[in-house]
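A.B. asks: Structure provided below as structure tokens; questions to follow.
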Amino acid sequence: MADGLPDGLRIERLAAEHAEAVLAFEVENRAYFAASVKDRGDDYFTEFPARHAALLSEQEVGTIQFHLVLDGDQVIGRVNLVDLADGSAEFGYRIAEKAAGRGVATAAVGKVLELAAAQYGLTSLRAGTSARNKASQAVLLRAGFVQTGEVVAGDEPQVFYTRQLTA
Ligand SMILES: CC(C)(COP(=O)(O)OP(=O)(O)OC[C@H]1O[C@@H](n2cnc3c(N)ncnc32)[C@H](O)[C@@H]1OP(=O)(O)O)[C@@H](O)C(=O)NCCC(=O)NCCS
């Protein structure tokens, strides 16, 4: 293991040159992700270059920090910090179907938790998942998130978590 990730994998902060690989990852896993999280919609794919550029601008400002899990030139996962403000951010992640179930999310989440505290100066993170997404809940609990609430009404009950960070 290097960097706590399975051998051969690495984490990089989102950059302009990742555009093609990120789009390929999202296209290849679209149906797989849509079974667990809301589909991004057709516009996401047709307007991808502009969206990628906009995300990089936001990242430059510091309101988001996006990370890729790379296997060679291929993106096999994403771990994102969104809405950075007042030392806190919303945490999200997705791992390619072909890489699932071998600890990639657990390792990548651990690595980005370190960055969140040490590099971005965050002191707490928030995360939410659908109540039926047991894999995601397992990842969050193992990473030290604690459940703070749930919404049981509606079609898709949600569970919410928080994680305190220390530098
Ligand atoms: C959720 C997701 C990130 C997990 O990625 P992963 O790399 O497979 O995760 P890991 O291998 O690190 O760990 C998964 C854990 O969930 C457990 N798990 C998987 N399916 C499960 C289920 N149905 N019930 C309970 N636990 C389950 C695994 O056993 C594993 O725990 P273990 O190592 O203790 O056995 C990935 O499946 C994914 O991207 N799904 C689609 C998008 C998504 O749901 N994102 C999260 C939105 S909140």
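No lab work stands behind these numbers, since they all come straight from the coordinates. On a predicted model such as this, the values are computed, not experimentally measured, just so you know. We place every Cβ from the backbone using ideal geometry, glycine too, and count neighbours over all the protein chains shown.
A.B. asks: May I ask which residue of GLY72, SER57, PHE160 lies farthest towards the positive end of the charge dipole of the chain, with charges of +1 (Lys, Arg) and -1 (Asp, Glu) on Cβ and the Cα centre as origin?
C.D. replies: Positive-most Cα among the choices belongs to PHE160.
A.B. asks: With 10 angstrom as the radius, rank LEU125, LEU55 by how many other C-beta atoms surround their C-beta, starting from the fewest.
C.D. replies: LEU55, LEU125
A.B. asks: Compute the orientation-averaged projected area for the range 9-164 from the convex hull of its Cα atoms and round it to one decimal in nm².
C.D. replies: For the range 9-164, the mean projected area of the Cα convex hull comes to 9.1 nm².
A.B. asks: Helix-derived [θ] at 222 nm for the chain: sum -39500 (n - 2.57) over DSSP H runs of at least 4, divide by residue count, nearest 500?
C.D. replies: Rounded to the nearest 500, it is -10000 deg cm²/dmol.
A.B. asks: Within 13 Å, Cβ to Cβ, of ASN29, how many net charges do the neighbouring residues add up to if Lys/Arg are +1 and Asp/Glu are -1?
C.D. replies: With Lys, Arg at +1 and Asp, Glu at -1, the net is +1.
A.B. asks: Separate question: Any idea what the dipole of the chain comes to, in debye rounded to 20, about its Cα centre with Lys/Arg Cβ at +1 and Asp/Glu Cβ at -1? If you can, show how the numbers build up before the last one.
C.D. replies: Numbers: 16 positive and 23 negative charges, 134 e Å.
It comes to approximately 640 debye.
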